[in-house]
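Where a number appears in this text, it was derived from the coordinates with a stated rule and is not lab data. Source: prediction; values computed, not measured. All Cβ positions, glycine included, derive from the backbone under ideal geometry; neighbour counts span all protein chains shown.
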Amino acid sequence: MTTAMTWMSGKLRIIQGDITTLEVDAIVNAANHSLMGGGGVDGAIHRAAGGELKTACQDLRQKQWPEGLPDGEVAMTPGFNLPARYVIHTVGPVYAKTIDKSELLANCYRKSLALAAQQGLHTIAFPAISTGVYGYPFDQASEIVLKVMAEKLPHGDLTATLCFFSQQDMDAFRQVASRMGYQR
Ligand code: ADP
């Protein structure tokens with residue numbers, strides 16, 4: 001069991017674990033365009049939240065995003081059976097060597113933080129968006145996350161948790177943070 005580590009005056013926390021177990025105001029889902037659930041963290045969140053989450057997502061599709069949720073956009077539902085009160089669904093970009101998609105990945109984090117702040121939430125937890133099936137190189141994704149957090153967290157009262165599924169990912173993130181000069 002690893003203990004949490006913090007940066008940015010305690011406003012950024014990293015842990016290793018299963019995001020579906022976290023008691024935070026909102027967890028972020030690395031969803032896909034359809035919002036209908038899938039594998040990876042998306043599947044785990046849908047299983048833990050229960051069938052009502054799928055119904056809420058269908059509703060979002062019909063009323064707000066008939067063409068599907070675009071890359072870098074966010075949409076919110078209740079958390080239903082999850083300990084988290086809300087789920088913020090966002091679609092990370094599929095990695096491509098020849099196209100720079102860093103702004104799209106940054107938008108997933110930026111817009112999730114902005115939506116949480118707008119809703120008056122205080123705690124939010126993220127998985128490592130796009131670094132699973134969507135293939136984003138982990139170190140590059142971590143740099144983007146750190147830049148967005150450093151840009152946004154000082155200006156509000158949100159505390160963000162990055163929840164890594166494996167110890168290896170958590171260690172890799174720590175190394176990127178120290179290479180970029182972030183002090184704990
Ligand atoms: P994407 O399609 O955006 O790449 P994935 O779900 O394939 O999304 O993977 C994103 C990250 O989420 C990966 O690092 C994966 O290990 C992690 N992950 C999978 N299940 C969980 C979970 N229950 N809690 C936290 N992270 C998870």
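Which percent of Cα-Cα pairs in the chain sits in each 10 Å bin, short to long?
P(r) for the chain, in whole percents per bin: 10, 40, 38, 11, 1.
Quick one: how many lysine pairs does the chain have with C-alpha atoms less than 15 Å apart and a gap of 8 or more or different chains? Give me the count, please.
Numbers: Lys11/Lys147; Lys11/Lys152; Lys54/Lys63; Lys101/Lys147; Lys111/Lys147; Lys111/Lys152.
Lysine pairs meeting both conditions in the chain amount to 6.
Tell me, what is the percent relative contact order of the range 58-163, built from C-alpha pairs under 8 Å that lie six or more residues apart? Walk me through the numbers before you get to the answer.
Working: 135 pairs, mean separation 25.9, N = 106.
Reported relative contact order: 24 percent.
Can you give the percent of C-alpha pairs in the range 54-143 whose distance is more than 15 Å?
Working: 2483 of 4005 pairs.
Summing the P(r) tail past 15 Å for the range 54-143 gives 62 percent.
Can you give the helix-only mean residue ellipticity at 222 nm for the chain, where every DSSP H stretch with n ≥ 4 adds -39500 (n - 2.57) and the sum goes over all residues, rounded to the nearest 500 deg cm²/dmol?
Details: 5 runs with 68 residues, N = 184.
Theoretical 222 nm ellipticity from helices: -12000 deg cm²/dmol.
Check Thr159: other-chain or 5+ apart residues with amide H under 5 Å from its amide H, H built from backbone geometry?
Distant-sequence amide H within range of Thr159: Thr123, Ile124.
Taking a point 7 angstrom from the Cα of Asp171 along the C-beta vector, which residues in the range 8-42 have backbone N less than 20 Å away?
Residues 14-18 qualify, since their backbone N sits under 20 Å from the label point.
Given a cut-off of under 8 Å on Cα pairs at least six residues apart, what relative contact order in percent is computed for the chain? Don't jump to the answer; show the numbers that get you there.
Values: 347 pairs, mean separation 55.1, N = 184.
Once normalised by length, the contact order is 30 percent.
Calculate how steeply helix 167-179 sits against the longest principal axis of the alpha-carbon atoms of the chain, using the helix alpha-carbon long axis, and give the answer as 0 to 90 degrees to the nearest 10.
50
Taking H placed 1.01 Å from N in the peptide plane, check which residues at least 5 places from Asn29 or on another chain put their amide H under 5 Å from its amide H.
Residues meeting the criterion, in which the H sits 1.01 Å from N, are Ile88, His89, Thr90.
By DSSP, what percent of the beta bridges with both residues in the chain are antiparallel, rounded to the nearest 5? Mind showing how you got there, number by number?
Details: 8 of 25 bridges.
Once the DSSP bridges in the chain are tallied, antiparallel ones form about 30 percent.
Compute, for the range 135-176, the length of the dipole vector about the Cα centre, with Cβ point charges of +1 (Lys, Arg) and -1 (Asp, Glu) only. Units Debye, rounded to 20. Please list the in-between numbers first.
On the way: 3 positive and 6 negative charges, 13 e Å.
The calculation lands at about 60 debye.
What stretch of the chain, leaving out the sites themselves, is the longest with no GluC sites (Glu not before Pro) in a DSSP loop having at most 12 other Cβ atoms within 10 Å?
It works out to 68-184.
Under a plain spin-label model, where a point goes 7 Å from the Cα along Cα-to-Cβ, how far apart in nm are Lys147 and Glu23?
Taking the simple label geometry, Lys147 and Glu23 are separated by 3.7 nm.
Is there a quick way to get the dipole size of the chain? I mean about its Cα centre, with the Cβ of Lys and Arg at +1 and of Asp and Glu at -1; what is the value in debye to the nearest 20? Please report the intermediate quantities before stating the final value.
On the way: 16 positive and 17 negative charges, 40 e Å.
Dipole magnitude for the chain comes out near 200 debye.
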